Structure formats: structure tokens, C-alpha cells
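S.K.: Before we start, here is the structure in question, set down as C-alpha cells.
The values are calculated or read from the model by the stated rules, or taken from the named source; none is laboratory data. This one's a predicted model, so the numbers in the text were calculated from it and none came from an experiment. All Cβ positions, glycine included, derive from the backbone under ideal geometry; neighbour counts span all protein chains shown.
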Amino acid sequence: ISGKGGTGKTSLTSSFIQMADNCIACDYDVDASNLPILLKPQKVSSHDFSAGYTAHIDQESCISCGLCAELCRFDAISQEHQVLPLSCEGCGFCEKICPVEAITMYPRSSGHWFEGVFNQKQKLFFADLRPGEENSGKLVAQVKTRAREIADTEQTQLIIADGPPGIGCAVISSMVEVDLIVLVTEPSRSGFHDLQRVYQLMQLRGI
């Protein structure tokens, strides 16, 4: 992992993967996965990732009272009583206050995670979180869980992962149940500053 992007961690990770005799590869940078660009896997399967909810208004049941649009703090409901998906935070408040129960919350597709194969038999697990979506840590956990399941099934002893930059939820999730972390930085003031931040996070996690 690295405290900031652009330090070369993906290049280093791919080198470790190519040198390993037998390993499962993962890319935990779900916002911008670059490991597939270097390893060029063939996608074997694609899976939907849902996190959060989006409101839906049943137009036949709606009485156009305007209460939901008036009280929505995110301005996610138009004056025509249509939900604006990009603005809806999925809090569910509109569903609770609707006097005729015309609003229903539905799970929202937030991205996808993939299983791929490279070098004929090696597996790569990675994901793409849609722009503006939350729960990157949850998606990292999903990728990690699937990789561990395959590792147990195939009795693979080594999982090598390219972690995300920064110190946010995705980084914290990528640190769970790992044996070794390699910190990658660059010779700059900002690079050293961000290295210190991610190192402090490792200490807090007891790694």
C-alpha cells in the first residue's frame, strides 16, 4: 500500500506476483484498479455489488402532496415527484413520512467485482466501484473474502494484493487479516508525509 497514489506500488505488486510460484492476485483499489491493466486477465465471472438504497415513488399511489420533496435534505425528489438517483442518499426518510406509503427503498447497484485468469491458470480478483458510490471498504472485503475462499479450496498458501492509496475505508479494509504489508513511497515531501500517515494507521491496527 501507499499513503498516496502514483508511487509505483502496482508495478511492484505485479513484479511480486510474477515471481511467485503459486499465488492468488488481488487488487483492492476498487476506485481505480490498475493491476488488471498490467496482468491482462481474461474475465471468468462478473458479480454485482449492492451497497445502499435508492428511493422509488409509485406514481399510481402517489397523491402529489409534495411532502417528500419538501423535507428531503438532499433535494433528491423533483417537483414532479420523481427521484433523482444521483442525489438520493438512500436514507429512507421519505419512505417513512409518505402518508400513503407510495415510496419504497430498493437496493442500489454500486459496482461489480470480477474473477479473472492470467498466465493460463493464475487467478486475479478485482472490482470497480461506480463513481460517487460509497462502501469501498465493503467491496474490498467482498473481493478479499472470495479470494480467501478460492485459496482455501485450491490450497494456495499465498495471496498478493495491490492495495489502495490513502488512509480511508478501503485501506483499512485491505489491512484486515494480513501477514505482511509493504509500504511504497516516493522521494518527495508529500510522499513522505503520506507514508507517515499510513504507517501510523498500521500501528493503530497492530500490524
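S.K.: Any residue in the range 100-108 that is modelled with pLDDT under 95 and of a type in the set (S, T, N, Q)?
M.R.: No, because not a single residue in the range 100-108 is modelled with pLDDT under 95 and of a type in the set (S, T, N, Q).
S.K.: Which one of these is of a type outside the set (D, E, K, R) and assigned to a strand (DSSP E or B): 94, 26?
M.R.: 26 is the lone residue from the list that is of a type outside the set (D, E, K, R) and assigned to a strand (DSSP E or B).
S.K.: Let me ask something additional. State all residues of the range 103-152 that are in a helix (DSSP H, G or I) and outside the structural domain of residue 41 (by TED's automatic domain parsing); if no residue qualifies, say none.
M.R.: If the condition is that a residue be in a helix (DSSP H, G or I) and outside the structural domain of residue 41 (by TED's automatic domain parsing), then no residue fits.
S.K.: If you don't mind, another one. Is at least one residue of the range 176-199 farther than 30 Å from residue 85 by Cβ, surrounded by 18 or more Cβ atoms within 10 Å (Cβ to Cβ), among the polar types (S, T, N, Q) and assigned by TED's automatic domain parsing to the domain that holds residue 16?
M.R.: Checking the range 176-199: at least one residue is farther than 30 Å from residue 85 by Cβ, surrounded by 18 or more Cβ atoms within 10 Å (Cβ to Cβ), among the polar types (S, T, N, Q) and assigned by TED's automatic domain parsing to the domain that holds residue 16.
S.K.: Scan 14, 64 and give me the residue that is hydroxyl-bearing (Ser, Thr, Tyr) and assigned by TED's automatic domain parsing to the domain that holds residue 173.
M.R.: Checking each option against the conditions leaves just 14.
S.K.: From 143, 182, grab the single residue that is touching a residue at least 40 places away in the same chain (Cβ under 8 Å) and in contact with a strand residue (DSSP E or B) (Cβ under 8 Å, 6 or more places away or on another chain).
M.R.: 143
S.K.: Next question, about the same structure. Pull up the range 2-17, narrow it to residues that are out of contact with any Asp or Glu (no Cβ under 8 Å at 6 or more places or on another chain) and either closer than 17 Å to residue 125 by Cβ or free of Cβ contacts under 8 Å to residues at least 12 places away in the same chain (or both), then point me to the one that is surrounded by the fewest Cβ atoms within 10 Å (Cβ to Cβ).
M.R.: Per the stated criteria, the residue is 15.
S.K.: Which one is nearest to residue 127 (Cα to Cα) among residues in the range 153-207 that are β-branched (Val, Ile, Thr) and touching a Pro at 6+ places or on another chain (Cβ under 9 Å)?
M.R.: Of everything passing the filter in the range 153-207, 171 is nearest to residue 127 (Cα to Cα).
S.K.: Follow-up question, since we're still on this one. May I ask you to say which residue of 45, 33, 15, 61 is part of a loop (DSSP other than H, G, I, E, B) and more than 30 Å from residue 83 (Cα to Cα)?
M.R.: Just a single option satisfies the conditions, and that option is 33.
S.K.: Could we say that residue 86 is touching a residue at least 24 places away in the same chain (Cβ under 8 Å), within 24 Å of residue 131 (Cβ to Cβ), of a type in the set (A, V, I, L, M) and outside any strand (DSSP E or B) here?
M.R.: yes
S.K.: Out of the range 64-75, which residues are in contact with a strand residue (DSSP E or B) (Cβ under 6 Å, 6 or more places away or on another chain) and either assigned to a loop (DSSP other than H, G, I, E, B) or aliphatic (A, V, I, L, M) (or both)?
M.R.: If the condition is that a residue be in contact with a strand residue (DSSP E or B) (Cβ under 6 Å, 6 or more places away or on another chain) and either assigned to a loop (DSSP other than H, G, I, E, B) or aliphatic (A, V, I, L, M) (or both), then 69 is the only one that fits.
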